[in-house]
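Please treat every number below as a calculation from the coordinates, not as lab data. Predicted, not measured: the structure shown is a model, and the values here were computed from it. No Cβ is skipped: glycine too gets one built from the backbone with ideal geometry, and neighbour counts run over all protein chains shown.
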Amino acid sequence: MLSVAVQPPGASGSPPPPPAAAPAAADVFQYPLPTWSPHCLGFGSQWRYCNGVPLRACPSGAVWLHTGADVQTGIQPVVAAGDGVIVGYQTDPTFRGGVLIRHQTSAGVVITQYWHVWLRSGFGVGTPVKRGQAFADVADMGSRTHLHFAVFNGDFESHAWNGALPPSSCSGYPAFPYRFVDPTAFIQAHQHQPPVHFARGVRLEG
Ligand SMILES: [Zn+2]
């Protein structure tokens, strides 16, 4: 006779496979907001307000290109995309607060950049953060409120702050994308993929 291979809750069947393929915690990243809907600008978009007015251009007239992804959001907590340490915080009357978090991954140092946020009390340069930990809140910019999130594939330096870069080097800035990578693609490639036995366990919780 055939037996049905469904285990009742709490049954101890064959042990799950060892998590040999699980990535190290330092290599796992997640989105810093619970939803991820594009705002006006994506990675590589011309750096313009939603109404089309350019924010910055080279003397040649070439409009700068956006190094991050802008994401629709209300005013809510922003969580760290990965385990790391806050290495920069600055504020600007136009852009509100910017935060840089340094992540030591097995593939090298990566910096995640968050603009238009306010750092929460108790957090500052040098504070370690865990992936998923709320360290900031989205800043109120009225009808322009959004999160700017970028991923800089390198260690801390002045250009890790840039929200846009020129299409070809000008005014002392390197050409886009320099060390920036598509942040949405980066997160998608580094999200934790649950082992199969975790996925099977989901039904036991419902
Ligand atoms: Zn932006």
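Close amide H contacts of residue 64 (hydrogens built in the peptide plane, cut-off under 5 Å, sequence separation of 5 or more or a different chain): 47, 56, 57, 58. Whole Å is fine, so just give me how far the alpha carbon centre of the stretch 39-75 lies from that of the stretch 84-118. Rounded to whole Å, the Cα centres lie 19 Å apart. Please list, in chain and number order, the residues 5+ apart from residue 87 or on another chain whose amide H is under 5 Å from its amide H, with Hs placed from the backbone. Placed amide hydrogens put 100, 101, 102, 126 under 5 Å from residue 87. Computed about the Cα centre, the dipole magnitude for the stretch 26-188 is approximately 140 debye when only Lys and Arg (+1) and Asp and Glu (-1) carry charge, each at its Cβ. Remark: 43, 95 ranked as 95, 43, counting other beta-carbon atoms within 10 Å and listing the fewest first. Considering only the Cα atoms of the stretch 59-206, their convex hull presents on average a projected area of 11.4 nm².
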